[in-house]
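Remarks on the structure that follows.
The values are calculated or read from the model by the stated rules, or taken from the named source; none is laboratory data. Note that the structure is a prediction, hence the values are computed from the model and not measured. Neighbour counts run over all protein chains shown; Cβ positions are idealised from the backbone, glycine included. In case anyone asks, the SASA skips ligands and DNA or RNA and just uses the protein heavy atoms, side chains included. Shrake-Rupley method; radii C 1.70, N 1.55, O 1.52, S 1.80 Å.
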Amino acid sequence: MQFEVIAKCKTTKARVSRMTLSHGVTMLPTFMPVATQAAIKGLTPEQVESLGVTLILNNTYHLNLRPGLKVLNEVGGAHKFQGWERNLLTDSGGFQLVSLSKFTTITEEGALFASPFTGEPTMLTPEESISIQHAIGADIIMQLDDVVSSLTTGPRVEEAMERSVRWLDRCTAHHEQSGKKDRQNLFAIVQGGLDPGLRDRCLDAMIQRKNDVAGYAIGGLSGGEEKDTFWRIIKQCADKLPEDRPRYSMGIGFAEDLLVCVALGVDMADCVFPTRTARFGVALTHSGPLNLKLNKHARDFDPIDKNCPCPTCSGKTSRAILHHTTTHETSAAHAITLHNITFQAQVMGRARAAIIAGTFPEYLRKFFSDYFGDAGYPEWCVNALRSVGVDLLEGKDLKLIPGSGAKWEYSDAS
Amino acid sequence: MSGHSPIPGLFFSLLTPSATRFGPRLGNVLLKRDEQTEIQIQTPSYLASTSRGVIPHLSRDHYASSGIRWVNIPFESFLDVLPPVPTLVDGKNSLHTFLGYSLGQHVVSMAVRDPADGREMPPNGNAHVAAYSLRGVRKVTPTEWKSYVYSCKPDIVFALADIPLTHPPYSQKRLTKSIERSASWLASLISPLPNNKYRPSVLVHMAGTTSVPARRAFAESLIEKLFGPEAETIKPLQTLDQGVTGYTFDLIPIRLSLEAAEKRHQDPFYPPAESIPPTPPPTIDSAPTPLSEVNLDPTIPAHTDQLSPLLQASLEPLSTTKLRLVNSVQTPHEILRLISSVGIDIFDAHWAQRAGDVGVALDFTFPAPSSHSPALKARENNKLDIGHNLYCSSYTHDFSAFGSASCGCRACSPVAPATRIYHGVDDPSFSGESSTIPSQAPAEPRVKPSFSRAYAHHLLHTHEMSAHSLLVLHNLSVLDQFFGGIRTLLQDRPEKWDQEVKRFEEIYDEELKVFEEARVMWRDVDLARGKGRLVREKAKQEEGTLGTAVEL
Ligand SMILES: [Zn+2]
Ligand SMILES: [Zn+2]
């Protein structure tokens, strides 16, 4: 991997970088659409590439079950299997193991779980996770970490953090001797729950191992913790992580979350949200999400966003026909997915452009103003951005919304 | 072909005079939209079926890359809220605009009902057809239909027809009513609207169900010179037939009626109409699934042999030069036979699209290959499948393309995008990547390796919608090539036609066991995914028969 920071925001911690991997260049910060099962919901890889996406995510847990390693080895990896010619990232499989399988127990050896096919006890070790990811062949691979819910408290959090460091060593050792280091790049995952002390210790230990890792993910978040805690942990990690390594915030997808994370110094994020929400008929726009199921869109012949370059909007697909077909026809999900992926890319692309132009604080203020309008801003966003020197409320008299403050078009009344 | 017809409109011409009234024939559908735009469809060919106005599983950007030239829109899905939303679209090509079809590529036709929907319906009235929308049954009057047509301005319209879909068999009285209503509704559609430049090209559904005399009577009523108030209605036309571009046959009501007659014949106590609820026949006995009540694809026995005399009875009195269209054909074998014995020009693609819903990749050619393709499964009757049930585990490690023959569809020959969207600081000046070799632009598009059967197998089992997109693209392409093969043979070696049809029937299994097996596995994968999904799938199949439910 080549990683170069090419511009930094003078106010916030945001930066623009160029990340060169085996399947091309990805400009950061970027959002990665999730292709859990080696397909972005209903789209072909050619369509995804034409949207300007250069990095997507596959889930190791799922690909290991289906199509399985034998198929992936035969075909020469997940890129070839799904016809994706750009960069690819895989997770370690650990998160899904814990969230999808009830009977997973963690031992020092690895994660012990019941095979979904046979029910047999099966062990996923750090070495095994890396081997699976080698077979998948993603450009960026993740260490196996000991995942605990962000709501967990007590000694288990510390144990998980320390084990994650030990497992990182096993992953790097296994990766080192694999001969795949030139094409696949291993990221460490910072753990430590919501405890700043534990996070610091984890950061120290993992930064010591910097020469063995290509980048750092911030794990253990996005599991229902308070947003106010969330951003403080992100900030703590991003502040401390080395300049010359990409920083990846896992499971982040709401536009306001993305921009706060970018301002705090995050380079990459992924989430199923924009593709999942599309299937329910929710289109993301710069003036907030639109729920196309609502009757108020039934006779609206405008596209989702007149200025959007996606095929759906530039092809003048109207809200009315999307209303008519959404949740009934898969093609409505395709159309909105094409748009939502483009929207995410635009949010990040405009962030990059603003950072280069030295106008990132203005971009943040404009984005929040367009996106939330007069409805008020999430209080946590205001606080988080103040911590890096941007006051969203400058010259405004708006109410602050406590809690997550996500903006939704719930009903016909809104 | 410019100069072929100086005025805008839709024209059908026979390229080869058919040797007999009902023999195979080559033709050309020419749609002249304006000075610059025309679309030609060499026949025999196909039209793509739609659900809620869209071709299931395809994105609009796939419409252009597919070979689709004609799409048919069942209008009933737009009737849940009146006025129907497409009638509110501005412009002179409102259907194309609203639904995303290309003026230069797609002929768009409009019918009130989905011809693939054979569910029992409330009876039609003297002045209405019972149609089906998501919010229940809607009555459509001839006047309303005409106003929808004039608002939407489709390239072709199917006249409102009184097709009985109450429980067959039908009395003679019912058939007489059906004929009279259909003729009168046709008259109302073709009577010119004053001060309106738009003139719809009309296809008439040939009424009479399974009665030869009734069918003939309807056909004759089309060419009778009208008198009195009826003549006044259609002035300056003198007969209904003069206002008609072609003739169309919906096979489902005919098959249902034949099936009822057969059962009645076999069983004198077969309950008469109205007394029994419609129980769709079970699909497969060997289905391992206990959910026998979930019959998403009721199979109607084909009765193909009985169809030809009925279709011929309708066409017998009429001119041979008009377009002949058939809806809800079931197999390629049936297509060949209806070309042979009736001279049909256009067939719907519903069955091939539905194959994509249930995981079948079509793989057959006409003429049939001279050596047996080992890739296809041979049945007990020693015949080959016309496609692959990609749910089957034998495809897990099969990295070949969907079909045995080369195929230009976007699944078999994916094309690397020539351009991409840039979003900010990601263009070549920042990334340092060359933008798809600008020196060679506009270079030949780069064709990527085919998507494999193994990949589609994986997508089907993981319930990824992309599987259906790829399969529908491929299946329509196979169908396109099939019709291409038919036309080439008719052009170059017409004397070989009967022989090649026979050989095709001998080589390929017409019982479509591969479809049955695929449907069972498709249902089982759905079951494994949980009940909510299955319930939505069932609802989807009830509201329209194409497409699969969106996984939420
Ligand atoms: Zn868009
Ligand atoms: Zn193909």
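Could you please report the charge total around B:His128, scoring K, R as +1 and D, E as -1 over all other residues with beta-carbon less than 14 angstrom from its beta-carbon?
+3
If R0 is 35 Å, what FRET efficiency do you get for B:Ser308 and B:Gln266 from their C-beta distance, rounded to 0.05?
Values: r = 22 Å, r/R0 = 0.64.
Calculated transfer efficiency: 0.95.
Work out the P(r) tail for chain A: percent of alpha carbon pairs separated by more than 32 Å, whole number.
35 percent
Would you mind computing the Rg to Rh ratio of the stretch A:161-275 from its alpha-carbon coordinates, Kirkwood style for Rh?
Dividing the radius of gyration by the Kirkwood radius yields 0.97.
Per-residue mean of other chain beta-carbon atoms within 10 angstrom of the beta-carbon, peptide B:452-465?
Average per residue, whole number: 5.
At a 1.4 Å probe radius, which order do B:His265, B:His461, B:His468 fall into by accessible area, largest first? Kindly include the intermediate steps, with their values, before the conclusion.
Details: B:His265 160, B:His461 45, B:His468 15 Å².
Listed by decreasing accessible area, they come as B:His265, B:His461, B:His468.
State which entries of B:Lys139/B:Lys177; A:Lys8/A:Lys41; B:Lys177/B:Lys538 exceed 24 angstrom in Cα-Cα distance in the structure shown.
A:Lys8/A:Lys41; B:Lys177/B:Lys538
Can you compute log10 of I(q)/I(0) for the stretch B:372-421 with the Debye formula, treating each Cα as one identical point scatterer, at q = 0.20, 0.24, 0.30 Å⁻¹?
Evaluating at q = 0.20, 0.24, 0.30 Å⁻¹ gives log10 I(q)/I(0) of -0.82, -1.03, -1.26.
Using a simple spin-label model with points 7 Å from Cα along the Cα→Cβ vector, what separation in nm is obtained for A:Glu109 and A:Asn295?
6.1 nm
What is the mean number of Cβ atoms from other protein chains located within 10 Å of the Cβ atom of each residue in peptide A:32-42, rounded to a whole number?
Going residue by residue through A:32-42 and averaging, the value is 4.
What is the Rg over Rh value, at two decimals, for the stretch B:1-137, using alpha-carbon atoms and the Kirkwood definition of Rh?
With Rg and the Kirkwood Rh in hand, the quotient comes to 1.01.
Compute log10 of I(q)/I(0) for chain B with the Debye formula, placing one identical point scatterer on every Cα and leaving out solvent, at q = 0.06, 0.12 Å⁻¹, to two decimals.
Calculated log10 I(q)/I(0) at the listed q: -0.30, -1.27.
Might you list the cysteines of chain A that have no disulfide-compatible partner by the rule of another cysteine's Cβ under 4.7 Å?
Isolated Cys, chain A: A:Cys9, A:Cys171, A:Cys202, A:Cys237, A:Cys261, A:Cys271, A:Cys310, A:Cys381.
Treating the Cα atoms of the stretch A:278-401 as identical point scatterers in vacuum, please give the log10 of the normalised Debye intensity I(q)/I(0) at q = 0.15 Å⁻¹, two decimals.
Scattering profile of the stretch A:278-401, log10 relative to I(0): -0.76.
Near B:Lys32, which lysines are there with a Cα under 24 Å away, not counting those fewer than 8 places off in the same chain?
The reachable lysines, counting only those whose Cα sits under 24 Å from B:Lys32, are B:Lys92, B:Lys146, B:Lys153, B:Lys197, B:Lys322.
Return an integer: the convex hull volume of the alpha-carbon atoms of the stretch A:54-152, in Å³ per residue.
Hull volume over Cα atoms, normalised by residue count, gives 98 Å³.
How many nm separate the modelled label positions at B:Ser102 and B:Glu444, each set 7 Å beyond the Cα in the direction of the Cβ?
2.1 nm
Going by a ≥ b ≥ c, the root eigenvalues of the Cα gyration tensor, does the stretch A:115-166 fall in the rounded group (a/c under 1.5), the prolate group (a/b larger than b/c) or the oblate group?
Details: a/c = 2.45, a/b = 1.40, b/c = 1.75.
Oblate shape, in that a/c is at least 1.5 and b/c is the bigger or equal ratio.
Can you give the charge dipole size of the stretch A:278-401 about its Cα centre, rounded to the nearest 20 debye, using +1 on the beta carbon of Lys and Arg and -1 on the beta carbon of Asp and Glu?
260 debye
Find the eigenvalues of the gyration tensor of the Cα atoms of the protein assembly as shown, then list the square roots of 5 times those eigenvalues as equivalent ellipsoid semi-axes, largest first, in whole angstrom.
Values: eigenvalues 629, 190, 130 Å².
Rounded to whole Å, the semi-axes are 56, 31, 25.
Put +1 on the Cβ of every Lys and Arg and -1 on every Asp and Glu Cβ in chain A; which of A:Gly93, A:Ile189, A:Phe301 then has its Cα farthest towards the positive end of the dipole?
A:Phe301
Non-local amide H neighbours of A:Glu329 (under 5 Å, H modeled in plane, Pro and chain starts lacking H): which ones?
Counting only residues 5 or more places away or on other chains, the set is empty.
Taking each residue in A:315-325, count the Cβ atoms of any other chain within 10 Å of its Cβ, then average. What number comes out?
Averaged over the peptide's residues, the number is 5.
Which is farthest toward the positive dipole end of the protein assembly as shown among B:Asn196, B:Gln172, B:Leu336, measuring Cα position about the Cα centre, with Cβ charges +1 (Lys, Arg) and -1 (Asp, Glu)?
B:Asn196
Which value, in debye to the nearest 20, gives the size of the charge dipole of chain B about its Cα centre, when Lys and Arg are +1 and Asp and Glu are -1 at the Cβ?
Working: 54 positive and 60 negative charges, 186 e Å.
In total the dipole reaches around 900 debye.
Expressed as an acute angle from 0 to 90° and rounded to the nearest 10, what is the orientation of the C-alpha long axis of helix A:196-208 relative to the principal long axis of chain A?
Result, in degrees: 60.
If you plug each phi of the stretch A:173-180 into the Karplus form 6.51 cos²θ - 1.76 cosθ + 1.60 with θ = phi - 60°, what whole-Hz ³J(HN,Hα) values come out, in order, with x for Gly and Pro?
Values, residue by residue: 4, 5, 5, 4, 7, 7, x, 9 Hz.
What nm distance separates the two modelled labels at B:Gln499 and A:Met123, each placed 7 Å from Cα along Cα→Cβ?
Here the answer is 7.0 nm between the modelled labels.
Give the residue from B:Gly484, B:Pro86, B:Pro56 lying farthest towards the positive end of the charge dipole for chain B; charges sit on Cβ (+1 for Lys and Arg, -1 for Asp and Glu) and the dipole is referred to the Cα centre.
B:Pro86
Find the relative contact order for the stretch A:2-271 and round it to a whole percent, using C-alpha pairs within less than 8 Å whose residues are 6+ positions apart.
About 18 percent, as a whole number.
State the cysteines of chain B left without a partner when partners are defined as other cysteines whose beta carbon lies under 4.7 Å away.
Cysteines lacking a close Cβ partner in chain B: B:Cys152, B:Cys392, B:Cys409.
Shape call for the stretch B:125-251 from the C-alpha gyration tensor, a ≥ b ≥ c root eigenvalues: rounded (a/c under 1.5), prolate (a/b greater than b/c) or oblate?
Oblate, because a/c is 1.5 or more while a/b does not exceed b/c.
Roughly how many debye, to the nearest 20, is the charge dipole of the protein assembly as shown about its Cα centre, given +1 on each Lys and Arg Cβ, -1 on each Asp and Glu Cβ, and no other charges?
Rounded to the nearest 20 debye, it is 1600 debye.
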